[in-house]
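The values are calculated or read from the model by the stated rules, or taken from the named source; none is laboratory data. As the structure is a computational prediction, the values presented were derived from the model and not from experiment. In this analysis, Cβ positions are derived from the backbone assuming ideal geometry, glycine residues included, and neighbour counts consider all displayed protein chains.
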Amino acid sequence: MYDFAPFFLPEIEPIAMSLNHRDIENIAYLARLALTVEEIPVYVEGLSRILAMVAELERADTSQVEPMAHPLPGQRTRLRADVVTETDRHQLFQRNAPQVEAALYLVPRVIE
Amino acid sequence: MTELHTMTVAELAAALRSRQVSSVELARSFLARIERHQADLNAFISITAEAALEQAGKADERLRGGDAGALTGVPIAHKDIFCTAGEKTTCGSRMLANFVSPYDATVVERLRAAGVVMLGKTNMDEFAMGSSNETSYFGPVRNPWDPLRVPGGSSGGSAAAVAARLAPAATATDTGGSIRQPAALCGVTGIKPTYGRVSRYGMVAFASSLDQGGLITQSAQDAALLLAAMAGFDERDSTSVELPVPDYAAGLEQPLKGLKIGLLKEFFDRGLDDEIERHIRAALDVLRAQGAVLKEVSLPNLPLSVPTYYVVAPAECSSNLARFDGVRYGYRCEKPRDLLDLYQRSRGEGFGAEVKRRIMTGTYVLSAGYYDAFYLKAQRVRQLISNDFEHAFHEVDVVIGPTTPTAAFELGAKTSDPVTMYLNDIYTIGANLAGLPAMSVPCGFVQGLPVGMQIIGAHFGEERLLNVAHRYQCETDWHRRAPPGFVA
Amino acid sequence: MEWQTVIGLEIHAQLATRSKIFSGSATTYGAPPNAQANLVDLAYPGVLPVLNAEAVRMAVKFGLAINARVMRRSVFARKNYFYPDLPKGYQISQYELPIVCGGAVDIVLEDGTDRRIGVTRAHLEEDAGKSLHEGLAGLSGALTGVDLNRAGTPLIEIVSEPQMHSAKEAVAYMKKIHTLVRYLGICDGNMQEGSFRCDANVSLRPRGAEKLGTRAEIKNLNSFRFVEKAINYEVARQIELLESGRQVTQETRLYDADRGETRSMRSKEEANDYRYFPDPDLLPVEIDQPYIDAVTADLPELPDQKAQRFISQHGLSAYDAGVLTAGAELADYYEAVVHELGGHPKVAANAVMGELAGLLNRDGLEIAASRVSARRLAGLLRRVVDNTISGKIAKDVIEAMWEQGQEADSIIQARGLRQITDESAIEAAIDAVMIANPSQLADYRAGKEKLFGFFVGQVMKATGGKANPARLNELLKKKLGG
């Protein structure tokens, strides 16, 4: 199926992991991505393939290990002294902003 | 004097210090080459000529004033993922096509402080997501060894620029192989340091627990010189490690006698291109001739590195790229109807297909009901892979194998199926998952295309990696070969 | 059916650090828009968070103060959702492993009942910015302005057990936490500025039932009064639903203070799936015993401990001790008065809770802004204790001190308010009153003893209130008796 599948995915069988249009629309909504009608089937196909590949993980026996959230063992977060180091630079920072008025970033009206 | 553009960083630095050449002359010479080859290679997104000449001028003053450092006046290129104050930082995306960073990344700041001159910003896969440099909003980069082929990715621009001698060296980043894979496919030297060795501050994040800044150079010696200047603790990056940076250059010549090299069983078992295997074995002979001993090691969980990576990296990316929302900077869609429309269209139009695919994959694996089965499961397998490496490094000093399963492929050959593309990184992803330092060193050609040998070290073992690579390069000249058409 | 109300509160207290939780921006309230939002707060590409040591110390302080477990290892996670006031598209918070677990506070209800309310957890997180919908000059109605000054201000979110059963209990609990965070100096408690606010989870269940009913979450309550009103409104609404056979929907509601009602927020946000995962930019926070010991040593006397001391050492009632320890400044003021006065805690307590509190209330001042200092109040009370003036006169004197900013003695002197303790002078006044009121005198002597008060009043009037009340009573009784 793939160039190197014989090596890395020894017995790959497409596992029932396929997504449908509706799934893609839901995911795209969560991720706030507008997709065109043409794009949706492409992502249905692509994500289904990726998830089938990812399903290989089920083969591993992970009953004895904790999830690894960080690549270096035994590290702990370093703390910063509570000191104000910043000055007002909003004019510089707002040069990149699409729409600003009275130093506020503008967005279409938010209804609560 | 030899042609400037064929010289290594070490050679150029010497020439600058002995005043055989000025930094401004060097910058001009490389800028001219960049301009000349921009149309055929597309290696750069921005050419920062003005800044380069200004920095070069300052470097020349320092050189004249006698307060120059080892790298003062040396020009390099930065991957366009590193923020550079006052210059565009696009990350290869429409989303940031007009983004001018108000600040410098730590890597950029440190290299500048060392007197290094920035020539421009190199092309890359969009947000570093890709293995062929075909996902860039600014168009693909072409491989200087064969313009119909990809340079690899995501640091394709950096690799192509160094290979074509448009810059003596370039910064790069590696999340799943993005330094080593293009280095291998372009016939140059690449180093991905240990996670936490180089500050991630100012490096646009793709997958925070995997991303690491590094270098693409002509030689291990150059990598040693530049890495010493850019590595080290940064209080602005909580994941940067508070360890002193060794003088990498000083350790380069160390003899290899007694060096224990691990041959990764899983890498040689099956599936590897015969020609590439022949080159790797020949390279191992070179090292053995210097006293290194070989030992087979097994990392039984390594075959799961690709599926592990394609859960962890998209999960982190889906969150890291949520900040691109069209509100404070970056692309904003025309005339949004409402807030939701602003978000959806700005992101839908601002991101390319591969980035969207990864954001959606990541969103899915983190979502309610799938988190345990995908994300947590992958993090557990990641631990297994990391444990495998740890066991291996109890027995050997470095692990050696191929960088890529094949040489450079043709543009468009793998764009139809994401999984085929993802499998390019099968040999490189393991080091990212385990946070290990790794290099790719040119070790031969297959049908005129370069291939690379990968050397993986234990955590913070950069010094040893550079030493092994350098000793190898002292005995071989693969790394000094430039692609035809870019020699002159 | 009889319903039991079940309330849980999630209190958000802004920590009183100088800089933000993950950046070096100032946290000062009221700065011009976006003047205190740096690259990290704005979520610029490439920036990274670095945790503020003081925020951690403050959270640990809180944990110790409520006898909670301070966790040796806590982890920051990302809560992912899109909103304009959330620049990163995720909030850095603590999810599975918070810094503080367990703990409890004791509250006293108005009827004197004690209740212990459990705290499930307290975790560190960052505040969001603010969306401004109206009052922006030149903005058309179709736009919202975003000010990110508040984004990244450290918060501690304190989650109670669902153990409160009335709005009054909820308010008492919230006030107790409010007192505590101010004692600890970890939050300024300013509710108008949003430094201290809460979400209330309200549900009903049939009395005696074990299982909790479906809850509604009322967001962003920023005054004790609103908490009480919103909960009462919500309880009534839910009763009505349930009694009419309908169901309570699990949802987020907003309290509309103008209408005095809660209303549903758009359910679109309800579909949120926050996709929490450990933040790879931050490493676990690890806290060891020496650190905890150091913070413990640095803890101030807490309100309950102080109240206990006022009861056992000062002989105050539990109620008085409770009132005086509701704020650290008030308790300090009271203690300063006792110290200056060299004792007489009950006199001091009455004056602080009575006359002084009255004046503070009248002028809307906090104790820190009192126009009569503790030392001066003690000076006044000294004159009451040594019988120079009566308690009644003292009320006038304190008012004068408040207005004129003078010492008690100078007012007593200037106005000749010194009490008359001289028997002959009081007797003379009594005689004059008896002569002037012969018929009342006759009635009294005929057995109308209620008229005693009339004579006290007349003599006091004649002496300008300065007659020593005890001496007057004694002499008057003797004289009227004939």
- line: Listed by first then second residue, the pairs whose first member lies in region C:426-448 and is within 20 Å of C:P469 (Cβ to Cβ) and surrounded by 12 or more Cβ atoms within 10 Å (Cβ to Cβ), whose partner is at pLDDT 85 or above and of a type in the set (S, T, N, Q), with beta carbons under 6 Å and at least 6 positions apart or on separate chains, are C:V433/C:Q458
statement: When every residue in region C:306-345 that is within 18 Å of C:G358 (Cα to Cα) and either in contact with a Leu (Cβ under 7 Å, 6 or more places away or on another chain) or among the hydroxyl-bearing types (S, T, Y) (or both) is compared, the one surrounded by the most Cβ atoms within 10 Å (Cβ to Cβ) is C:Y334
- prompt: Residues in region C:197-206: is at least one more than 18 Å from C:Y255 (Cβ to Cβ), over 18 Å from the mean Cα position of the chain (by Cα) and not aliphatic (A, V, I, L, M)?
  reply: yes
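If you scan region C:239-261, which residues turn out to be assigned to a helix (DSSP H, G or I) and either free of Cβ contacts under 8 Å to residues at least 40 places away in the same chain or of a type in the set (A, V, I, L, M) (or both)?
Our first condition is that a residue be assigned to a helix (DSSP H, G or I); within region C:239-261, this holds for C:239-243.
Scanning region C:239-261 gives C:I239, C:E240, C:L241, C:L242.
For (1) assigned by TED's automatic domain parsing to the domain that holds C:Q305; (2) closer than 23 Å to A:P98 by Cα; (3) touching a residue at least 60 places away in the same chain (Cβ under 8 Å), each residue gets a yes or a no:
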site	(1), (2), (3)
C:V70	no, no, yes
C:Y83	no, yes, no
C:P98	no, no, no
C:L148	no, yes, yes
message: One residue is enough: does region C:168-185 have a residue meeting the conditions within 25 Å of the chain's Cα centre (by Cα) and on the phi > 0 side of the Ramachandran plot?
response: yes
message: One residue is enough: does region A:28-36 have a residue meeting the conditions assigned to a helix (DSSP H, G or I) and more than 7 Å from chain B (Cβ to nearest Cβ)?
response: yes
- line: By residue number, the members of region A:47-87 that are over 20 Å from B:A207 (Cα atoms), in contact (Cβ under 8 Å) with a residue 40 or more places away in the chain and facing chain B (nearest Cβ under 7 Å) are A:E56
query: Can you pull out the residues in region C:293-305 that are in contact with a helix residue (DSSP H, G or I) (Cβ under 7 Å, 6 or more places away or on another chain), assigned to a helix (DSSP H, G or I) and modelled with pLDDT of 95 or more?
result: C:V295, C:T296
message: Condition check: free of Cβ contacts under 8 Å to residues at least 12 places away in the same chain and touching a Pro at 6+ places or on another chain (Cβ under 8 Å). Does A:R95 satisfy that?
response: yes
statement: Those residues of region B:403-446 which are in contact with a strand residue (DSSP E or B) (Cβ under 6 Å, 6 or more places away or on another chain) and either closer than 14 Å to B:I191 by Cα or not in a loop (DSSP other than H, G, I, E, B) (or both) amount to B:T403, B:E410, B:A431, B:L436, B:P437, B:A438, B:M439, B:S440, B:V441, B:P442, B:C443, B:G444
task: Can you work out which of the residues in region A:69-98 that are at pLDDT below 95 and of a type outside the set (K, R) is farthest from B:L299 (Cα to Cα)?
output: A:T77
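Take B:T84 and decide whether it is in a loop (DSSP other than H, G, I, E, B), more than 14 Å from chain C (Cβ to nearest Cβ) and either out of contact with any strand residue (DSSP E or B) (no Cβ under 9 Å at 6 or more places or on another chain) or within 23 Å of B:S29 (Cβ to Cβ) (or both). So that I can check it myself, show each step before the final result.
Values: in a loop (DSSP other than H, G, I, E, B): yes; more than 14 Å from chain C (Cβ to nearest Cβ): no; either out of contact with any strand residue (DSSP E or B) (no Cβ under 9 Å at 6 or more places or on another chain) or within 23 Å of B:S29 (Cβ to Cβ) (or both): yes.
Taking the combined requirement at face value, the residue does not satisfy it.
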message: Out of everything in region B:328-372 that is touching a Cys at 6+ places or on another chain (Cβ under 7 Å) and over 27 Å from C:A151 (Cα atoms), what residue ends up being nearest to the other protein chains (Cβ to nearest Cβ)?
response: B:E349
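Could you tell me which of the residues B:T106, B:T89, B:T72 is touching a Pro at 6+ places or on another chain (Cβ under 8 Å) and either in contact (Cβ under 8 Å) with a residue 40 or more places away in the chain or surrounded by 23 or more Cβ atoms within 10 Å (Cβ to Cβ) (or both)?
Values: B:T106 fails: touching a Pro at 6+ places or on another chain (Cβ under 8 Å); B:T72 fails: touching a Pro at 6+ places or on another chain (Cβ under 8 Å).
Of the residues listed, the single one that is touching a Pro at 6+ places or on another chain (Cβ under 8 Å) and either in contact (Cβ under 8 Å) with a residue 40 or more places away in the chain or surrounded by 23 or more Cβ atoms within 10 Å (Cβ to Cβ) (or both) is B:T89.
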message: Would you confirm whether or not region C:168-183 contains a residue that is in the same structural domain as C:A37 (by TED's automatic domain parsing), buried (at least 23 other Cβ atoms within 10 Å of the Cβ), under 30 Å from A:L104 (Cα atoms) and not charged (D, E, K, R)?
response: no
- prompt: Mind checking whether some residue in region C:197-219 is assigned to a helix (DSSP H, G or I) and surrounded by fewer than 16 Cβ atoms within 10 Å (Cβ to Cβ)?
  reply: no
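Applying the selection to region C:366-418, what residues are hydroxyl-bearing (S, T, Y), modelled with pLDDT under 85 and assigned to a loop (DSSP other than H, G, I, E, B)?
First, the residues of region C:366-418 that are hydroxyl-bearing (S, T, Y): C:370, C:373, C:388, C:390, C:410.
Checking which are modelled with pLDDT under 85 leaves us with C:388, C:390, C:410.
Residues satisfying the conditions are C:T388, C:S390.
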query: Looking at region C:9-16, is at least one residue in contact (Cβ under 8 Å) with a residue 40 or more places away in the chain and either at the interface with chain A (Cβ under 7 Å from one of its Cβ atoms) or more than 25 Å from C:M191 (Cα to Cα) (or both)?
result: no
message: Checking B:I456 against (1) more than 14 Å from chain A (Cβ to nearest Cβ); (2) part of a strand (DSSP E or B), only one condition comes out false. Which one?
response: (1)
field: Matching residues in region B:355-383 - criterion: being part of a helix (DSSP H, G or I) and over 19 Å from B:T308 (Cβ atoms)
entry: B:V355, B:K356
task: Specify the residue that is surrounded by the most Cβ atoms within 10 Å (Cβ to Cβ); the eligible residues are those in region B:243-277 that are of a type in the set (D, E) and either modelled with pLDDT of 95 or more or not in a loop (DSSP other than H, G, I, E, B) (or both).
output: B:E266
message: Of all residues being closer than 14 Å to B:A51 by Cα and surrounded by 24 or more Cβ atoms within 10 Å (Cβ to Cβ) in region B:75-86, which is nearest to the chain's Cα centre (by Cα)? Just the residue, please.
response: B:H78
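Would it be correct to say that A:V44 is more than 7 Å from every other protein chain (Cβ to nearest Cβ), touching a helix residue (DSSP H, G or I) at 6+ places or on another chain (Cβ under 6 Å) and either surrounded by fewer than 16 Cβ atoms within 10 Å (Cβ to Cβ) or not in a strand (DSSP E or B) (or both)? Give the steps one after another, and end with the answer.
Details: more than 7 Å from every other protein chain (Cβ to nearest Cβ): yes; touching a helix residue (DSSP H, G or I) at 6+ places or on another chain (Cβ under 6 Å): yes; either surrounded by fewer than 16 Cβ atoms within 10 Å (Cβ to Cβ) or not in a strand (DSSP E or B) (or both): yes.
The answer is yes for A:V44.
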- line: Within region C:435-448, restricting to residues that are closer than 23 Å to C:K392 by Cβ and part of a helix (DSSP H, G or I), the one that is farthest from the chain's Cα centre (by Cα) is C:A436
message: Return the residues of region B:116-167 that are farther than 26 Å from B:R357 by Cα, buried (at least 24 other Cβ atoms within 10 Å of the Cβ) and not hydrophobic (A, V, I, L, M, F, W, C); say none if nothing qualifies.
response: B:G120, B:P144
- prompt: Checking C:I107 against (1) within 27 Å of A:R95 (Cα to Cα); (2) away from chain B (no Cβ under 14 Å), which test does it fail?
  reply: (1)
